[in-house]
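Have a look at the structure below, then the notes.
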Amino acid sequence: MNFSKVTYRIYFFFSELYLSTGVTHDLYEIKVEDTVNRVNNEITESIGTEEENTMTYTYILQCADGSYYTGWTVDLEARINSHNNGTGARYTRSRLPVRLVYWEPQQTRSDAQRREAAIRKLARKQKEKLVMGTSGQP
């Protein structure tokens, strides 16, 4: 829904109210602002935020030199392509080509970033276990 249309409709409603009841202009402005904020909050709550609706991924790449790179993205295929095109992370640019060896879906961007940070803290052996399918967490 377009918020400007919602705002316009509320202003129209309160304009009619003002004409029929004689509510003062200051009170009219406060009521309109409060109502617009309430409606916008209700709309945002009903549709959710973009972060809540976007699937994100945490991933591990194996670089040409055998090292691991961990990151997060909302589009896994595009991100791998950008790494291999040399437009990804600085770390991977000098270690091309890279290949995806592990990924896991996350519900939100924050979850993906937290998981990325946790994986980066793992020792290489733990990352290898994670990539091989066994628990890599300490």
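Here the Karplus relation 6.51 cos²θ - 1.76 cosθ + 1.60, evaluated at θ = phi - 60°, turns the backbone of region 115-121 into coupling constants of 5, 4, 4, 5, 5, 4, 7 Hz, with x for every Gly and Pro. Note on Arg99 and Asp65: their simple-model spin labels are 1.9 nm apart, each label 7 Å out from Cα toward Cβ.
Only the coordinates and a few stated rules stand behind these numbers; no lab work does. All values derive from a computational prediction rather than experimental measurement. We place every Cβ from the backbone using ideal geometry, glycine too, and count neighbours over all the protein chains shown.
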